[in-house]
Amino acid sequence: LLLESGGGLVQTGGSLRLSCAASKRSISGYAMAWFRQAPGKERELIGFMTASGGRTEYADSVKGRFTISRDNAKNTAHLEMTNIKPEDTAVYYCAAKGDKYPYRSPAQYDFWGPGTQVTVSS
């Protein structure tokens, strides 16, 4: 089970840290990803990190602003969001999958959290 936390209302230019806590199984062997879905839009990949943490990739829309991290010992993953923009408003989801290609498609992810809302005020 995955559970996101840390969402809320934030002003444009602000920062937010989302967390994803896993229970019942270790995340250590899984690739972890963050997705988001805005109203009326498809779910989009924000970025992913491989199980070892050796590879991390981001969508162009968040590159340089968002950072994914993981703490396998604490069974958690995080999404650091900085310089937040109104277009970042969405429900944010963490997801996990086996540590193999492909990493970008939401259909490939086996485990999902219920999501946390991030709303950016201008």
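Descriptive notes on the structure:
- Strands (runs of 3 or more DSSP E) wholly inside the stretch 56-122 containing at least 3 residues that are open to solvent by less than 60 Å² (accessible area, probe 1.4 Å), hydrophobic (A, V, I, L, M, F, W, C) and in contact with a Gly (Cβ under 8 Å, 6 or more places away or on another chain): 90-98
- Selection of the stretch 53-77 for residues being touching a residue at least 40 places away in the same chain (Cβ under 8 Å) and at negative phi yields Glu57, Arg70, Asn72, Thr76, Ala77.
- Residues considered: Glu80, Glu87. Of these, the only one that is under 12 Å from the mean Cα position of the chain (by Cα) and among the acidic types (Asp, Glu) is Glu80.
- Some residue of the stretch 81-91 being of a type in the set (Asp, Glu) and either under 21 Å from Gly115 (Cβ atoms) or touching a residue at least 60 places away in the same chain (Cβ under 8 Å) (or both): yes
- Any chance Ala96 is touching a Cys at 6+ places or on another chain (Cβ under 7 Å) and among the aliphatic types (A, V, I, L, M): no
- Selection status of Phe48, of a type in the set (Phe, Trp, Tyr) and closer than 16 Å to Leu3 by Cα: no
- When every residue of the stretch 43-50 is checked against the conditions, at least one turns out to be open to solvent by 20 Å² or more (accessible area, probe 1.4 Å) and either assigned to a loop (DSSP other than H, G, I, E, B) or under 16 Å from Thr119 (Cα atoms) (or both).
The values are calculated or read from the model by the stated rules, or taken from the named source; none is laboratory data. Note that this is a predicted model, so its numbers are computed, not measured. All Cβ positions, glycine included, derive from the backbone under ideal geometry; neighbour counts span all protein chains shown. Surface areas here come from the heavy atoms of the whole protein model, side chains and all, with no ligands, DNA or RNA. Shrake-Rupley method; radii C 1.70, N 1.55, O 1.52, S 1.80 Å.
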